[in-house]
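The structure appears right after this line, and notes come after that.
Only the coordinates and a few stated rules stand behind these numbers; no lab work does. What you see is a predicted model, and the numbers here were worked out from it, not measured in a lab. Note that each Cβ is placed from the backbone with ideal geometry, even for glycine, and that neighbours are counted across all protein chains shown.
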Amino acid sequence: MNKKIFSGVQPTGNLHLGNYLGAIKNFVELGNDRNNHCIYCVVDLHAITVKQDPKLLTENIRETVATFVASGIDPEKNIIFNQSRVSAHAEAAWIFSCVARMGWLNRMTQFKEKAGKDKEKASVGLYSYPVLMAADILLYDATHVPVGEDQKQHLELSRDIAQKFNNDFQQENFLKIPEPLIQKEFSRIMSLRDGTKKMSKSEVSDLSRINLTDNKDAIISKIKKAKTDPMPLPADIKELDKRPEAKNLLSIYSSLNDVTLEKTISQFSGKNFSEFKESLIQVLVDKLDPISGEINKLMSNKDYLDRILDLGCEKANNIASEKIKKIKQIVGFN
């Protein structure tokens, strides 16, 4: 069965190893499958749910495109575009916000996590952005959406909106009900300084993450300084429940090599961290140093990156404009 796949990445700068293993690596594999029609969106409308520096946002949009291409996503075979240049996204988001129910949005745990204790000061956009995410997906009749555990709830909202719209306007199967694509054998990538916290660009210490723009020397230094524990590497996966830093580093190695965590444990069981880190450094440098070099090269050719976006936005607009036209007709707009 041919799959129509939609996914997006926020252009917030400093894309890191967690973004690569959790999303971009998977995008490349999906895009290389001839049976897939892939649409990859730089979701810049989502990015402004928190305040952005306008000049930096422009650069971050280009850097996200550069990261896609440097990682192996072919802009000729896949659509790469930025959301703000296709007006149907904002139009559909408003219409779908009139379909979605407050109770549905109140259940979204990500808003509670991101807004924190002072949610009264959070933007309305941060609260309602799952509706915009639904618009992103439903405009393209996406059959499948790659999601991590933290986004499954938002995809469920997209499905609820699609079903309610179809029922309310008696349009059977007009909005397609998307299915999740969840990566197998993937562990969430955690901070190199604290194995209980997710790897994040917002963490103060740059030593907590491997940025995709890090060169070989930076990668070596960060892994050598990565937090560990004093015991040898375990023989049993159950031991990792109480050893978050060991679990994180072993998971990174496993994900980069496309092998199970069990296989990695059997390979390094009983060895010390210094020996394991040498192997981890080698695979990280082999995989990421070429990507880093290519990102830096592409960022010096802004005209090329802008041409990719121009072409992608034209293709995306051709699809989305037809869908929003039909949506508006169904609703009753002239």
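When only DSSP loop residues count, what GluC sites (Glu not before Pro) in the stretch 1-76 have their Cβ near at most 12 other Cβ atoms within 10 Å?
Hits after loop and neighbour filter: GLU76.
For HIS16, the residues 5 or more places off, or on other chains, whose built amide H falls under 5 Å of its own are LEU212. If you line up the long axis of helix 216-225 against the longest principal axis of the chain, both from Cα atoms, how many degrees apart are they, to the nearest 10? Approximately 70 degrees, to the nearest ten. Here the extension length gained between LYS238 and LEU57 equals 60.9 nm, from 0.36 nm per residue of separation less the Cα-Cα distance. By the count of other C-beta atoms within 10 Å, a proxy for reagent exposure, VAL283, VAL124, VAL43 are ordered fewest to most as VAL124, VAL283, VAL43. Tell me what the chain gives for mean residue ellipticity at 222 nm when only DSSP H runs of n ≥ 4 count, each as -39,500 (n - 2.57), the sum divided by the residue total, rounded to 500 deg cm²/dmol. Result for the chain: -16500 deg cm²/dmol, rounded to the nearest 500. The relative contact order of the stretch 121-249, computed from alpha carbon pairs under 8 Å that lie at least 6 residues apart in sequence, is 19 percent. By the rule of a C-alpha distance below 25 Å, with chain neighbours fewer than 8 residues away ignored, the lysines paired with LYS119 are LYS51, LYS152, LYS197, LYS198, LYS201. What the phi angles of the stretch 50-60 give under the Karplus curve with 6.51, -1.76 and 1.60, with θ = phi - 60°, is a coupling list of 10, 4, 10, 6, x, 5, 5, 4, 4, 5, 5 Hz, glycine and proline written as x. Please report the relative contact order for the stretch 206-297, taking Cα pairs under 8 Å with a sequence separation of at least 6, and give it as a percent rounded to a whole number. Normalised by residue count, the contact order of the stretch 206-297 is 41 percent. Computed about the Cα centre, the dipole magnitude for the stretch 206-297 is approximately 180 debye when only Lys and Arg (+1) and Asp and Glu (-1) carry charge, each at its Cβ. Since only VAL124, SER266, PHE276 are under comparison, the one whose Cα sits farthest along the positive direction of the charge dipole of the chain, derived from C-beta charges on Lys, Arg, Asp and Glu, is VAL124.
Would you mind checking the tilt of helix 124-138 against the longest principal axis of the Cα atoms of the chain, expressed as 0 to 90 degrees and rounded to 10? Helix 124-138 sits roughly 80 degrees off the main axis of the chain. In this structure the amide hydrogen of ARG209, modeled in the peptide plane, comes within under 5 Å of the amide hydrogens of LEU192, none closer than 5 places in sequence on its chain. Note on the chain: with charges restricted to the Cβ of Lys and Arg (+1) and Asp and Glu (-1), its dipole about the Cα centre is near 580 debye. DSSP beta bridges confined to the chain are antiparallel in about 10 percent of cases. Based on Cα contacts under 8 Å between residues 6+ apart, the chain shows a relative contact order of 22 percent.
Once backbone amide H atoms are built at 1.01 Å from N, CYS38 has ILE5, ILE79 as its partners under 5 Å, excluding neighbours fewer than 5 places away on the same chain. Going by alpha carbons, how many degrees (0 to 90, nearest 10) lie between the helix axis of 302-331 and the longest principal axis of the chain? Helix 302-331 and the main axis of the chain meet at about 40 degrees. One chain, two ends: SER205 and ASP303. Fully extended at 0.36 nm per residue, the span grows by 32.0 nm beyond their Cα-Cα distance.
Checking every one of the GluC sites (Glu not before Pro) in the stretch 142-214 against DSSP loop status and a limit of 16 other Cβ atoms within 10 Å picks out GLU172, GLU185.
Annotation: the residues ARG159, ARG34, ARG101, sorted from fewest to most other C-beta atoms within 10 Å of their own C-beta, follow the order ARG34, ARG101, ARG159.
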